[in-house]
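A short write-up of the structure that comes next.
Derivation of every value follows stated rules applied to the coordinates shown; laboratory data play no part. In this text, all values refer to a predicted model and were calculated from it rather than measured experimentally. Methodologically, a virtual Cβ is constructed for each residue, glycine included, from the backbone with ideal geometry; neighbour enumeration extends over all protein chains shown.
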Amino acid sequence: GKLHNLLLDLPKVEHHMHLEGSLEPDLLFELAARNKIDLPKDDEAFASSESLLARYGRFTSLDDFLHYYFIGMTTLVTGEDFESLAYAYFKKAHSQNVVHAEVFFDPQAHTTRGVKSETILEGFQKAQRRAKDEFGLTSELIVCLLRHISPADCHQAYLEALPDLKNGKIRGLGLSSTEKGNPPHLYKESYEDAKKHGLRLTAHAGEEADVSYMKSAVDDLGCTRIDHGIKLRDDPELLKRFAREKILISMCPMSNVELRVIKSIPELPVREYLNAKVPFSINSDDPAYFGGYIQENYCGVQEAFNLTVEEWAEIAMNAITLSWCSEERKDEML
Ligand code: ES4
Ligand code: ZN
């Protein structure tokens with residue numbers, strides 16, 4: 001049957017969303033005007049928020065999307081901009097019954113334009129505090145290294161984030177951007193250091209590239225979570241290991257369809273992962289770009305797989321128990 005009302009009421013945890021990927025076209029144009037940021041004049045997609053949204057519906061690949069994603073975020077300049085961005089996401093997430101969110105951000109995309117890391121972090125922290133006070137929604141920040149940038153430059157960015165990783169303002173380390181040709185092991189120096197400090201580790205792997213990238217993220221980087229990770233059926237031994245070690249896969253169904261990684265949601269390995277007890281969560285990735293927030297992704301999975309209440313309960317429980325919040329917070333959510 002259709003469980004969409006149950007899925008809306010279900011307390012949800014989000015593990016895979018990029019705050020910069022929640023920048024809706026209307027806010028993008030508003031910030032561009034306010035901050036006097038020039039958007040590309042040679043691309044008609046930037047004529048209006050309607051044309052931009054229409055272009056978002058025609059992505060051909062991860063890189064095609066990343067082109068727009070990195071232009072969009074150049075409109076973010078002040079602490080208030082980062083605060084508004086994150087607060088708008090938390091508010092929307094709360095409206096869909098998200099009770100806890102672990103969210104990525106890309107400091108390298110901002111510091112290379114002259115935005116100070118403190119500006120970004122202070123803006124996000126204000127939004128996090130407001131979300132907690134107003135909605136009871138808790139959140140954690142995960143800093144992403146951008147793998148289209150050299151491992152040496154990424155390591156510098158990691159070292160800049162390290163004090164805030166150690167003091168808990170940032171909960172963990174991630175790896176994103178162009179996957180193919182930039183395998184996880186290249187970023188070993190940063191991950192090894194983070195591991196020494198006992199930090200939480202994840203990486204985007206097995207999105208566009210093959211399952212060997214997932215293996216490298218686990219073996220070479222020590223990741224305990226993998227973002228996207230939809231290629232596991234190609235390595236049955238590794239699949240068993242994910243189940244045994246409870247390595248969480250943060251899937252993003254609408255993202256995969258919009259970026260043409262799959263043709264449609266039924267192609268996702270949801271049945272295989274449920275049968276093999278590989279833990280996974282369902283997430284929005286870049287909701288302003290892919291046409292839906294977490295609820296639309298949950299409903300898309302239900303349309304495709306017609307899961308039972310028991311299966312949804314298992315998905316929701318795994319999302320809570322494999323979160324990177326405190327044990328006390330998990331107990332509150334269970
Ligand atoms: C991303 Cl869908 C996706 N893949 C890799 N990196 C990303 N950064 C933001 N969205
Ligand atoms: Zn992502």
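Observations on the structure shown:
- Residues being over 17 Å from residue 227 (Cα atoms), touching a Phe, Trp or Tyr at 6+ places or on another chain (Cβ under 7 Å) and more than 16 Å from ligand 2 (Cβ to nearest atom) - total across segment 268-309: 1
- In segment 113-226, counting only helices (runs of 4 or more DSSP H) that sit wholly within it, the ones holding 1 or more residues that are farther than 19 Å from residue 85 by Cα span 151-166, 188-196, 212-219.
- Any hit, segment 179-201, residues being under 18 Å from the mean Cα position of the chain (by Cα), within 16 Å of ligand 2 (Cβ to nearest atom) and of a type in the set (Ser, Thr, Tyr): no
- Matching residues, segment 1-54, being surrounded by 21 or more Cβ atoms within 10 Å (Cβ to Cβ) and polar (S, T, N, Q): 22
- Note on segment 258-299: residues that are in a helix (DSSP H, G or I) and either in contact with a His (Cβ under 9 Å, 6 or more places away or on another chain) or within 16 Å of ligand 1 (Cβ to nearest atom) (or both) amount to 12.
Results for (1) of a type outside the set (D, E, K, R); (2) more than 12 Å from ligand 2 (Cβ to nearest atom); (3) within 16 Å of the chain's Cα centre (by Cα), shown as yes or no for each residue.
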{"residue": "218", "(1), (2), (3)": "yes, yes, no"}
{"residue": "231", "(1), (2), (3)": "no, yes, no"}
{"residue": "237", "(1), (2), (3)": "no, yes, no"}
{"residue": "243", "(1), (2), (3)": "yes, yes, no"}
{"residue": "246", "(1), (2), (3)": "no, yes, no"}
{"residue": "249", "(1), (2), (3)": "yes, yes, yes"}
{"residue": "253", "(1), (2), (3)": "yes, yes, yes"}
{"residue": "262", "(1), (2), (3)": "yes, yes, no"}
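- Set side by side, the residues 125, 108 differ, and just one is polar (S, T, N, Q), farther than 17 Å from residue 14 by Cβ and within 16 Å of ligand 2 (Cβ to nearest atom), which is 108.
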